[in-house]
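Below: the structure, in structure tokens.
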């Protein structure tokens, strides 16, 4: 078996949101690998942190979010430490994102065509592109340095906030004493912040100088590039124009046509023309299965049905030719039949373009259809991770069992085993196994200590104490075991 | 004229709790030259027996929600009638008005033809120039006059009957017993939008009782506590506001609000579509328990066939305002006949990777799947209790299909 190439590797992601009520620990150590050409499905209830993971990869976290740790490696770069400038080259271009609601991700008063070609045209100016490409290494270095400094500052600040929170919530410390301690801490924080600022000042200034020099150089280079194009164009048309003056009526038309063609070639070499952008957009629209693309190019989002809108959003993502596609519940707002069409489309695109995809959903049927690998998330953690067959035919974590047994089956009318209660409040995440409170398999240790990942096969991991050799043997819920037996039997028939 | 709401004894005898007859619901959209009529529901009929769970399935925009809302009188229906426990609760008179209009036109045309024929006959008689010409002409005239008179009187009786029916419909729509209507309750899809954010849970739940004239606060509070317990919420929640609850809890409040009226028929309009996977099972189990406890009859509207199969006794599949197939849920999954039903069944995602990978989806294309140029389709009973929208050619085809499946 050949070794698979890892496209995105997330390690121990930790993230919290600062809200009025306290610090919501949305991610508490999430690790996964996305392999090339594979689909990774992230499953879980709302609030389990699956959408936050996607947003973290895309670098579009809201303002109150703080990254507490972890790294996301994509093309040898840590996306959590990358500056906004560098993210411009990744977001949308290399990693595309598709949201749940196609209506709110499209501009209602802009024609579809314009929305699809927008990014193409913005990125289409070749002189500007050259300038940006030339300065980008220096710019990225400079911005990354600033980003690193800011991250350090943020870390210090959140450390201070944490210790303040701890002091205030500690019943042993008197309020007055606590205030004193906090004041001391605040003083220390100021000193620390200043130190970080001073330490990085010199480096940043130097980088800034390099950047400024580079800018002047790049400006010249870009101008020269443009001039060379203009000169070449002028050289080409000069003889034609001379001919035009002396030519007869019949020849004039021919020469004029030649001149027009030259002009078009010149503008095309300078920037991506709207006509060319339209041609490409229509090609992509046909690829995602929008009929009458030429006519629909000029329509508004409200003139499309839900499924068609989702196709348009996918088309917009595809114009930039991404390597990775992140789909955040793309079919939840759609009907079953339309959902089936969109899933087929995503599969086809993924095959044709060799895309890797992260597919976020709570529908296990969709997961079974799409996934190569599955990560089951609960309360900001991955509780089970493995290949699709392993998760569906050999589930190990009680939460996976619960998810599997709570969906109605076409073949049986047995009473569903619903999961009692609601997901935990993530301001005070439960000690030990987060699912213990709702699980009937919970043991005493589940409430005390967090279970480690037990490895079941090369690709299959589960975080539950049930896998510990000392724990009693737990039986799969009947509804799940029956279903697995049935489907394996059926599969045996299919394969002969 | 002493009047009463139309009542059908045979429905009570057959224990049919809800009977929908030729229901049509049209909406007029737009103004001026852009005005057009949407036929949201176009002539559907079905009966629901007491104690059964009846499922209505279809894609969005097929009119399933409109049907539910029409039954509970959230819309004035365009045509047809709905009977609840034998009493007509809502009706529309469009068909009757059309009947009057077209019968009048038909009769007028017939009379015109007759008059023309009479003229021709008289002309012929004149041209023959017989002795008793006048007599013959008088005879012909009398003969035709009689026919015309018969037609006119026929029309007049028809108009009289239809006008009486229209009057009855108007009367029925006005004089429905509110206590009877309160025995039908509805649970809505969106647990966020269907609860008033400025009312406490207690006010929301007891609002129906207040409207029905039960104003005793102590008694009402007692009842609220009871239903809260039944839907699995603690009584302390009564004084809270909807925003303090999660989606599943809000849906429970919606159910409590319906249950407190002691309903006999519960219309559930996609009650679980907006909920999380794990919460869905809770709500389905709750509805199942309440069904047993209150002996409820449920009209369950959904687009998720696997849930419908699990929950319902009989299923009607709707497509663009029409019922295309109606049968028991086992039969529907064993012998799906209409191409749309097949397409719908082939699209259900299953939690089973191997079947998913080997699945072939059947697309539905109404333009190519049917040939209705010669004969229009009607809803026909192909097997006992199994109805399908088809014409005679298709019925033959479907019969062969059933045989083929059974032979396997």
- Task: Could you look through region A:395-413, keep only residues that are more than 28 Å from residue B:305 (Cβ to Cβ) and touching a strand residue (DSSP E or B) at 6+ places or on another chain (Cβ under 6 Å), and pick out the one that is surrounded by the fewest Cβ atoms within 10 Å (Cβ to Cβ)?
- Result: A:396
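Looking only at region A:395-408, which residues are within 7 Å of another protein chain (Cβ to nearest Cβ) and in a loop (DSSP other than H, G, I, E, B)?
Across region A:395-408, the qualifying residues are A:406, A:407, A:408.
The rows are residues; the columns are (1) under 16 Å from residue B:53 (Cα atoms); (2) in contact with a helix residue (DSSP H, G or I) (Cβ under 8 Å, 6 or more places away or on another chain); (3) without any contact (Cβ under 8 Å) to a residue 12 or more places away in the chain; (4) facing another protein chain (nearest Cβ under 10 Å).
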residue: B:278; (1), (2), (3), (4): no, yes, yes, yes
residue: B:283; (1), (2), (3), (4): yes, yes, no, yes
residue: B:293; (1), (2), (3), (4): yes, yes, no, no
residue: B:304; (1), (2), (3), (4): yes, yes, no, yes
residue: B:313; (1), (2), (3), (4): yes, yes, no, no
residue: B:319; (1), (2), (3), (4): no, yes, no, no
residue: B:322; (1), (2), (3), (4): no, no, no, no
residue: B:329; (1), (2), (3), (4): yes, yes, no, yes
- If you check A:428, A:453, A:441, which single one turns out to be assigned by TED's automatic domain parsing to the domain that holds residue A:380 and within 27 Å of residue A:38 (Cβ to Cβ)? A:453
- Scan A:186, A:164 and give me the residue that is without any contact (Cβ under 8 Å) to a residue 40 or more places away in the chain, assigned to a helix (DSSP H, G or I) and touching a helix residue (DSSP H, G or I) at 6+ places or on another chain (Cβ under 6 Å). A:164
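Just to be sure I understand, how many residues within region A:17-45 are out of contact with any helix residue (DSSP H, G or I) (no Cβ under 8 Å at 6 or more places or on another chain) and either without any contact (Cβ under 8 Å) to a residue 40 or more places away in the chain or within 22 Å of residue A:433 (Cα to Cα) (or both)?
9
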- Might you let me know whether region B:338-358 holds any residue that is out of contact with any helix residue (DSSP H, G or I) (no Cβ under 9 Å at 6 or more places or on another chain), within 16 Å of residue B:53 (Cβ to Cβ) and more than 10 Å from chain A (Cβ to nearest Cβ)? no
- Do we find that residue A:338 is more than 30 Å from residue A:226 (Cα to Cα), in contact (Cβ under 8 Å) with a residue 24 or more places away in the chain, touching a strand residue (DSSP E or B) at 6+ places or on another chain (Cβ under 6 Å) and not in a loop (DSSP other than H, G, I, E, B) in this structure? no
- Task: Evaluate the following for residue A:207: is it surrounded by 15 or more Cβ atoms within 10 Å (Cβ to Cβ), free of Cβ contacts under 8 Å to residues at least 24 places away in the same chain and in a helix (DSSP H, G or I)?
- Result: no
- Message: within 30 Å of residue A:456 (Cα to Cα) and facing another protein chain (nearest Cβ under 10 Å): which single residue out of A:334, A:364, A:325 fits that description?
- Response: A:364
- Message: Every residue in region A:59-75 that is surrounded by fewer than 19 Cβ atoms within 10 Å (Cβ to Cβ), within 18 Å of residue A:97 (Cα to Cα) and touching a residue at least 40 places away in the same chain (Cβ under 8 Å), please.
- Response: A:61, A:62, A:73
- Looking only at region B:209-233, count how many residues are part of a loop (DSSP other than H, G, I, E, B), more than 33 Å from the chain's Cα centre (by Cα) and over 21 Å from residue B:294 (Cβ atoms). 2
- Message: Within region A:419-440, take every residue that is surrounded by 21 or more Cβ atoms within 10 Å (Cβ to Cβ) and either at the interface with another protein chain (Cβ under 8 Å from one of its Cβ atoms) or in contact with a strand residue (DSSP E or B) (Cβ under 9 Å, 6 or more places away or on another chain) (or both) and give me the one that is nearest to residue B:329 (Cα to Cα).
- Response: A:419
- Task: Restrict the check to region A:309-318 and report whether at least one residue is more than 14 Å from every other protein chain (Cβ to nearest Cβ), in a loop (DSSP other than H, G, I, E, B) and surrounded by fewer than 23 Cβ atoms within 10 Å (Cβ to Cβ).
- Result: no
- Query: Applying the selection to region B:239-249, what residues are at pLDDT below 90 and either closer than 19 Å to residue B:208 by Cβ or buried (at least 17 other Cβ atoms within 10 Å of the Cβ) (or both)?
  - Reply: B:245, B:247, B:248, B:249
- Qualifying position, being closer than 30 Å to residue B:323 by Cβ and free of Cβ contacts under 8 Å to residues at least 24 places away in the same chain, among B:84, B:54, B:102, B:46: B:102
- Out of region B:18-61, which residues are within 14 Å of chain A (Cβ to nearest Cβ) and closer than 30 Å to residue B:295 by Cβ? B:53, B:55, B:57, B:58
- Given A:355, A:364, A:345, A:349, which one is touching a strand residue (DSSP E or B) at 6+ places or on another chain (Cβ under 7 Å) and surrounded by fewer than 24 Cβ atoms within 10 Å (Cβ to Cβ)? A:355
- Message: Given the condition in contact (Cβ under 8 Å) with a residue 60 or more places away in the chain, surrounded by 15 or more Cβ atoms within 10 Å (Cβ to Cβ) and under 20 Å from residue B:301 (Cα atoms), answer yes or no: does some residue in region B:30-40 qualify?
- Response: yes
- Note on the structure: Over region A:367-394, the set of residues surrounded by 24 or more Cβ atoms within 10 Å (Cβ to Cβ), in contact with a helix residue (DSSP H, G or I) (Cβ under 7 Å, 6 or more places away or on another chain) and within 13 Å of chain B (Cβ to nearest Cβ) is A:368, A:369, A:370, A:371, A:374, A:376, A:377, A:378, A:391, A:392
- Message: Conditions first: (1) in a helix (DSSP H, G or I); (2) under 29 Å from residue A:296 (Cβ atoms); (3) more than 23 Å from the chain's Cα centre (by Cα); (4) touching a residue at least 12 places away in the same chain (Cβ under 8 Å). Residue A:114 passes all but one, so which condition is the exception?
- Response: (4)
- Task: List the number of the failed condition for residue A:240; all other conditions in (1) in contact with a helix residue (DSSP H, G or I) (Cβ under 6 Å, 6 or more places away or on another chain); (2) closer than 20 Å to residue A:124 by Cβ hold.
- Result: (2)
- Which of the residues that make up region B:235-244 are within 14 Å of chain A (Cβ to nearest Cβ) and either touching a helix residue (DSSP H, G or I) at 6+ places or on another chain (Cβ under 7 Å) or over 19 Å from residue B:279 (Cα atoms) (or both)? B:237
- Task: Output yes when any residue across region A:371-383 is at pLDDT 90 or above, under 15 Å from residue B:349 (Cβ atoms), part of a helix (DSSP H, G or I) and in the same structural domain as residue A:49 (by TED's automatic domain parsing), and no when none is.
- Result: no
- Of all residues making up region B:249-271, the number that are within 23 Å of the chain's Cα centre (by Cα) and at the interface with chain A (Cβ under 10 Å from one of its Cβ atoms): 0
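The values are calculated or read from the model by the stated rules, or taken from the named source; none is laboratory data. This one's a predicted model, so the numbers in the text were calculated from it and none came from an experiment. Positions of Cβ are backbone-derived with ideal geometry, glycine not excepted, and every protein chain shown enters the neighbour counts.
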